[in-house]
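First the structure, in the form of structure tokens, and then the observations on it.
The values are calculated or read from the model by the stated rules, or taken from the named source; none is laboratory data. Here the structure is a predicted model, which means the values were calculated and not measured. Ideal geometry is used to build each Cβ from the backbone, glycine not excepted, and the neighbour counts take in all protein chains shown. All accessible areas refer to the heavy atoms of the entire protein, side chains included, with ligands and DNA or RNA removed. Shrake-Rupley method; radii C 1.70, N 1.55, O 1.52, S 1.80 Å.
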Amino acid sequence: MTRNLRVYAEFVRVGFINTLAYRLRYYTGIVTYFIYVSVYYFIWKAIYVNGPAIEGFDFGAMLTYVGVGWIIRSFYFNNIDQDLSQQVAEGKLVMDLIKPVNIQLMYISQALGESIFRLALLTAPTAAVLLLVFPLRRPASWTHFAAFLVSVAMTFFLVAGINFAVGTLAIRLLSILGLLRAKYFLLELFSGLLIPISFFPHSFQIVLNFMPFQYISYVPLLIYLGKIQGAGLARAIAMQIFWVLVLLAIGDLMWKWSSRKITIQGG
């Protein structure tokens, strides 16, 4: 076990170091995230002219929901599906197959290294800028903040599990560019990043309750705002862990299914 931990820790280090080559692009990322939040600020400000609260969110809570939502997205976002697709397109996937490691854990470890890098160079600066410019609220309590941090960590593994499962489809389909574009939009919508899930029609909320997407943005943000209390905090995190395990299992099964028939392209 100790040897395995050292192996995957090395993949985390590799992911971190590889991202150093692209560190300048994260400066533009800070500007991009600031623009996103600014646009939502004016949209929601116009909407809240007609009333003090919508579905339990006043304007201050909504602004905090949007700002903190984009802050944590800068951490949990990863490109595992794109990386897998590129490996297939360039014929480099064969190099992964000869490595005596779990392919899923290898890709997730590399993505974790990238996220740790972004935490310092993108997430923290973005949080500082948004907190200086917009009146974002503090966490509801220290307990909620601690639970929020744990929840965000689980969010990374949720997104990584989804992306790996989607990425394995590139082996059979060869090109998943259109699928990736649809996935990004649907994931941001169903995760509650664009609008809180409580704003959805009731029938949609019932369906989403049986899916893992709300645990990516919506639930962590409710924890931050203090809208989940007491034993609900433990239940929310427990459900995140459950979905992480489910998605990792699904990804493993999809890899085994897809890798039975691999067409090597490129060099």
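Determine by what factor the alpha-carbon radius of gyration of segment 167-267 differs from 2.2 N^0.38 Å, reporting the quotient. Show your work: numbers first, answer last.
Details: Rg = 17.0 Å, N = 101, 2.2 N^0.38 = 12.7 Å.
With N residues counted in segment 167-267, Rg over 2.2 N^0.38 Å equals 1.34.
State the percentage of accessible surface on segment 59-163 attributable to carbon and sulfur atoms; use a 1.4 Å probe and exclude ligands, DNA and RNA.
69
How many angstrom lie between the Cα centre of segment 166-229 and the Cα centre of segment 90-112?
Distance between centres, Cα-based: 26 Å.
What per residue convex hull volume, in Å³, do the alpha-carbon atoms of segment 186-241 yield?
Numbers: hull volume 4.4 nm³, N = 56.
So the per-residue Cα hull volume is 79 Å³.
Using each residue's phi in segment 112-124, evaluate 6.51 cos²θ - 1.76 cosθ + 1.60 at θ = phi - 60° and report the 3J(HN,Hα) Karplus result to the nearest Hz, with x for Gly and Pro.
5, x, 5, 5, 5, 4, 5, 4, 7, 9, 10, 5, 5
Suppose the chain between Asp96 and Lys183 were pulled fully straight at 0.36 nm per residue; how much longer would it get relative to their current alpha carbon spacing?
Values: separation 87, 0.36 × 87 = 31.32 nm, distance 2.46 nm.
That pair, Asp96 and Lys183, stretches by 28.9 nm at full extension.
What angle do you read, to the nearest 10 degrees and between 0 and 90, between the alpha-carbon axis of helix 2-20 and the longest principal axis of the chain?
70
Show me, for segment 177-186, the HN-Hα J-couplings you get by feeding each phi into the Karplus relation (A = 6.51, B = -1.76, C = 1.60, θ = phi - 60°), rounded to Hz, glycine and proline as x.
4, x, 5, 5, 5, 5, 4, 4, 5, 5
What is the Cα coordinate range of segment 57-204 on the first, second and third principal axes, sorted by size from largest, in whole angstrom?
Taking max minus min along each principal axis of the Cα atoms, segment 57-204 gives 52, 37, 26 Å.
Of the accessible area of segment 200-250, with the probe set at 1.4 angstrom, what percent is carbon plus sulfur? Provide the component values of the computation, followed by the final result.
Working: 1910 of 2510 Å².
Roughly 76 percent of what the probe reaches on segment 200-250 is carbon or sulfur.
Name the long-range amide H neighbours of Gly91: under 5 Å, sequence gap of 5 or more, or other chain; modelled H, no Pro or chain starts.
Placed amide hydrogens put Gln265 under 5 Å from Gly91.
List the aspartates and glutamates whose alpha-carbon lies under 17 Å from that of Lys183, not counting same-chain residues fewer than 8 positions away?
Within reach: Asp81, Asp83.
With a probe of 1.4 Å, find how much accessible area the chain has per residue, and write the answer as a whole number in Å².
Working: 13510 Å² over 267 residues.
Per-residue value: 51 Å².
Please list, in order along segment 132-147, the HN-Hα scalar couplings obtained from phi with the Karplus expression 6.51 cos²θ - 1.76 cosθ + 1.60 (θ = phi - 60°), rounded to whole Hz, x for Gly and Pro.
Residue by residue, segment 132-147 yields 6, 8, 10, x, 6, 7, 6, x, 4, 6, 5, 5, 5, 5, 5, 5 Hz.
At a Cα cut-off below 14 Å, give the aspartates and glutamates reachable from Lys227, other chains included and same-chain residues fewer than 8 away excluded.
The qualifying aspartates and glutamates are Glu55, Asp58.
Using alpha carbons only, how many degrees (0 to 90, rounded to 10) separate the axis of helix 59-76 from the longest principal axis of the chain?
10
Which order do the peptides 172-180, 220-228 take when ranked by the mean count of other beta-carbon atoms within 10 Å per residue, highest first?
Numbers: 172-180: 14.9, 220-228: 23.8.
Those peptides, ordered most packed to least, come out 220-228, 172-180.
Can you give the Rg and Dmax of the chain based on its C-alpha atoms, in angstrom?
19.3, 61
Between Ile17 and Arg260, what FRET efficiency follows from the Cβ-Cβ distance if R0 is 35 Å, with the result rounded to 0.05? Mind dumping the intermediate values first?
Numbers: r = 33 Å, r/R0 = 0.95.
So, using R0 = 35 Å, E works out to roughly 0.60.
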